[in-house]
């Protein structure tokens, strides 16, 4: 955990009908002092939308050798490299070489995020998925964050229904390839 990090907790339910994943959520997230609420919430949503056995948060915003979220199989092998925000092309190149699946969740304009990668060397760039949300969704949900959060997230037909601390939010989960 980073020095000066603030711990946030999220307890509740995940119902990803699209993937058949139903879980009780009880996670702790260390928020680095330079991390925005929007980035942290996107990181939590990436964790939940990608939830599977072996998922964990990476070393944090300052980590150079781990993504924001990662998945390891039972042998410890990296199976998914999941970035948040607007990672640079070099980071995606590294992630795509280390894991068979690379995904980016962004709370920013996905066209601008992808434009920064254009013409850059990225291993298997055509396989990298870039996911975003309906404009305003992350900002509105981040405004309801507390240190201890009650969360219910349901996903059906690539639409996310989020109840965060008693306030309902909804968004499409918009997917495109990185390039």
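The values are calculated or read from the model by the stated rules, or taken from the named source; none is laboratory data. Since the model is a prediction, treat every value here as computed from it, not as a measurement. Positions of Cβ are generated from backbone atoms using ideal geometry, with glycine treated the same way; all protein chains shown enter the neighbour counts.
Could you check, for region 106-117, whether at least one of its residues is modelled with pLDDT under 95, touching a helix residue (DSSP H, G or I) at 6+ places or on another chain (Cβ under 6 Å) and surrounded by 15 or more Cβ atoms within 10 Å (Cβ to Cβ)? The answer is yes; a qualifying residue exists. Elements of the type helices (runs of 4 or more DSSP H) sitting completely within region 18-124 and holding at least 1 residues that are more than 15 Å from the chain's Cα centre (by Cα) and closer than 24 Å to residue 140 by Cα: these cover 110-115.
So, residue 35, is that one closer than 18 Å to residue 73 by Cα and without any contact (Cβ under 8 Å) to a residue 40 or more places away in the chain or not? The answer is no for residue 35.
Do we have residue 103 as crowded, with 19+ Cβ neighbours inside 10 Å and closer than 17 Å to residue 36 by Cβ here?
Considered against the rule, which asks whether it is crowded, with 19+ Cβ neighbours inside 10 Å and closer than 17 Å to residue 36 by Cβ, residue 103 comes out as no.
Taking residue 131, is it within 17 Å of the chain's Cα centre (by Cα), assigned to a strand (DSSP E or B) and closer than 27 Å to residue 93 by Cα? Yes; evaluated as a whole, the condition is true for this residue. Within region 150-166, being within 21 Å of residue 6 (Cβ to Cβ), more than 17 Å from the chain's Cα centre (by Cα) and not in a loop (DSSP other than H, G, I, E, B) holds for one residue alone: 150.
Take the residues in region 134-149 that are in contact with a strand residue (DSSP E or B) (Cβ under 6 Å, 6 or more places away or on another chain) and not in a loop (DSSP other than H, G, I, E, B); name whichever of them is surrounded by the fewest Cβ atoms within 10 Å (Cβ to Cβ). The extreme case among them is 148.
With respect to the conditions (1) surrounded by 18 or more Cβ atoms within 10 Å (Cβ to Cβ); (2) touching a helix residue (DSSP H, G or I) at 6+ places or on another chain (Cβ under 7 Å), residue 50 lacks only one, and its number is (2).
Residue-by-condition table, conditions (1) at pLDDT 95 or above; (2) surrounded by fewer than 18 Cβ atoms within 10 Å (Cβ to Cβ); (3) within 25 Å of residue 128 (Cβ to Cβ):
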residue	(1), (2), (3)
10	yes, no, no
13	yes, yes, no
23	yes, yes, no
54	yes, yes, yes
